[in-house]
1. ASN17 to VAL57: FRET efficiency via 1/(1 + (r/R0)^6), r the Cβ-Cβ distance, R0 30 Å, to the nearest 0.05?
2. Treat every Asp and Glu Cβ in the chain as -1 and every Lys and Arg Cβ as +1, leave all other atoms uncharged, and give the resulting dipole magnitude about the Cα centre to the nearest 20 debye.
3. Using a 7 Å offset from the Cα along the Cα-to-Cβ direction at both ASP113 and VAL30, what is the distance between the two label points in nm, to one decimal?
4. Could you work out which residue, out of SER22, SER119, SER99, moves most in a Gaussian network model of the chain, that is, has the largest mean-square fluctuation with Cα springs under 10 Å?
5. Rounded to the nearest 10 degrees, what's the angle between the helix 120-133 long axis and the longest principal axis of the chain, both from Cα atoms, 0 to 90?
6. Any chance you could give the angle, 0 to 90 degrees and rounded to 10, that helix 5-15 forms with the longest Cα principal axis of the chain?
7. Given (i) 15.8; (ii) 15.2; (iii) 18.4, which label gives Kirkwood radius over Cα pairs in Å as computed from the coordinates?
8. How large is ³J(HN,Hα) for each residue in the stretch 108-119, as worked out from phi by the Karplus curve 6.51 cos²θ - 1.76 cosθ + 1.60 (θ = phi - 60°), to whole Hz, x for Gly and Pro?
Amino acid sequence: MALNTRQVKERDYFFGNRSRYSNKADGCLVYESIISDNEIIVQTDHVVSFLNKDNEVQFVLLIANNKCIYLNYHRQIKRVTRFENGKGKKTFLVKLNRSRFKPYYCKKYEGHDFETEMSFDGLFEEARLQGLRKEKVRMN
């Protein structure tokens with residue numbers, strides 16, 4: 001599957017550069033989840049959206065039952081399909097930076113239950129484990 005120039009630029013911007021991801025013949029890609037000690041890409045289902053006070057769509061990463069991290073849709077989120085045992089599941093890749101990891105209080109969203117609050121270091125470890133598994137994703 002050939003990518004156009006815009007798609008290549010978007011991927012380079014999100015992943016850092018082409019050495020951080022590889023395209024597979026089946027249209028999927030494999031990526032490095034650890035960019036640096038302060039920047040990661042984590043795969044998660046805990047992204048929700050809502051209309052903010054300006055009637056614009058706002059995306060957040062839920063990190064606890066009533067806490068979230070605000071995200072910039074174009075810079076920090078990619079909708080993907082993860083393939084596991086031949087089946088596809090829609091999820092998100094979220095790019096996070098330690099210095100911008102600022103929790104805010106929010107309402108509790110059904111279907112997202114947490115026993116403890118997720119920290120940047122906890123998400124870093126999750127991203128590291130995901131990187132070791134070399135999970136394939138397809139951009140949506």
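1. Details: r = 29 Å, r/R0 = 0.96.
According to the calculation, E is roughly 0.55.
2. 540 debye
3. 3.6 nm
4. Of SER22, SER119, SER99, the most mobile in the Gaussian network model is SER99.
5. Result, in degrees: 30.
6. Relative to the chain, helix 5-15 is tipped by roughly 50 degrees.
7. Entry (i).
8. 7, 9, 5, x, 10, 10, 10, 7, 9, 6, 7, 9
Coordinate-derived values only; no laboratory data. From a predicted model like this one, the values you see are computed outputs, not experimental measurements. All Cβ positions, even for glycine, are placed from backbone atoms using ideal geometry, and neighbour counts span all protein chains on display.
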